[in-house]
Amino acid sequence: MSRAPQQRALSPDNTRRLLKFLGLGYHLTKVPLVTRFHPWLKPGNTDMRWVPINQDIETPPGTPLPRDLVDLFIAEASHRVVFDECGCRQAFGCRHYPVDIGCLMMGDGALECSTGPGREVGVEEAREHAARAMSQGLVPMIGAARIDAFLFGVKKERNRLLTLCFCCECCCWMRYQRNSSVASLDQVWPRLEGVRVTVNGSCTGCGVCVDSCYIGAMRVEDGIASMSDHCRACGRCATVCPENAVEISIDDPQFLEKTRERIRGYVKYD
């Protein structure tokens, strides 16, 4: 194993203030030209997508589940640094998910991370960390995120940092994406290739899905749930629906390879 990253961490109060301030940046996506020049919002620097972990996702015969992407990237990465604390959940005092499950940073850039209790681990321990997160209902989000290079203090190897976050709908600063334009989201926070989210006839309009949507895309109109174009197909709505009325499906049998190749186009992590 290579050296563990040097550590310097903000206090929870300062982290909370910083995340709230950074969240204001999503409002800027509605200003013409900002996304073309802002390094965190600029297409080409960031490409992140949610990986739904629902067990009943409908896929073409012989097609792996989306969560298999997590194991694939862990196995291919040159380095894996596990963080045993989630800065977002600690900063906002999360009461629903474990605070001691943090991000998994991968690639050569991961060794440059300098914030939080991180340690380099092997493939199996990284997979155990990811499996524990998903078993707690934490939905993974993976890809290249220039803002994470800033948050984790990575300067030299920003293009070699692959982020795997395990975010919650209540504390993750990604919930500020509801303030972003859909056009910007589609460029830098796209949905997983080939994924579809639909509401079937079993919906009773109870609104449980609305409360679980981190981005505010779900709504109930005329007694039926529906989602706006802000939906990023994270799958949380399907997980909490008491009537199994929200369905997640993937119609592209090549989604895994397409996702892998797209992310490789943004970050060299192996």
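All of the numbers you see were taken from the coordinates with simple rules; none came from a lab. Everything quoted here is computed from the prediction, not taken from an experiment. Heads up, the Cβs are rebuilt from the backbone with ideal geometry, glycines too, and the neighbour counts pull from every protein chain shown.
For Cys171, the shell of other residues with beta-carbons less than 10 Å away shows a net charge of +3, using +1 for Lys and Arg and -1 for Asp and Glu. Using the rule -39500 (n - 2.57) for each DSSP H run of four or more residues, divided by the residues of the chain, the 222 nm mean residue ellipticity is -7500 deg cm²/dmol. Computed from point charges on the beta carbon alone (+1 for Lys and Arg, -1 for Asp and Glu), the dipole magnitude for the chain about its Cα centre is near 1260 Debye.
Quick check on my link table: of Lys42/Lys155; Lys156/Lys268; Lys20/Lys156; Lys20/Lys268; Lys155/Lys268, which ones sit more than 22 Å apart, alpha carbon to alpha carbon?
Beyond 22 Å: Lys20/Lys156; Lys20/Lys268.
The packing ranking of peptides 83-96, 140-153, highest mean first, is 140-153, 83-96, where packing means the average number of other beta carbon atoms within 10 angstrom of each residue. Here is the P(r) of the chain: all C-alpha pair distances, binned every 10 Å from 0, give 7, 30, 38, 21, 4, 0 in whole percents. Residues Arg160, Arg178, arranged from fewest to most other Cβ atoms within 10 angstrom of their Cβ, appear as Arg178, Arg160. Taken as Cα centroids, region 82-113 and region 144-216 sit 16 Å apart, rounded to the nearest whole angstrom. Counted residue by residue at 0.36 nm each, then reduced by the alpha carbon distance between them, the extension gain from Glu85 to Leu24 reaches 19.6 nm. For the residues Val197, Val51, Val139, a GNM of the chain with alpha-carbon springs under 10 Å puts the largest fluctuation on Val197. Each of Pro242, Asn14, Gly137 was scored by the projection of its Cα onto the charge dipole of the chain, and the greatest displacement toward the positive side belongs to Asn14; charges sit on the C-beta of Lys, Arg, Asp and Glu.
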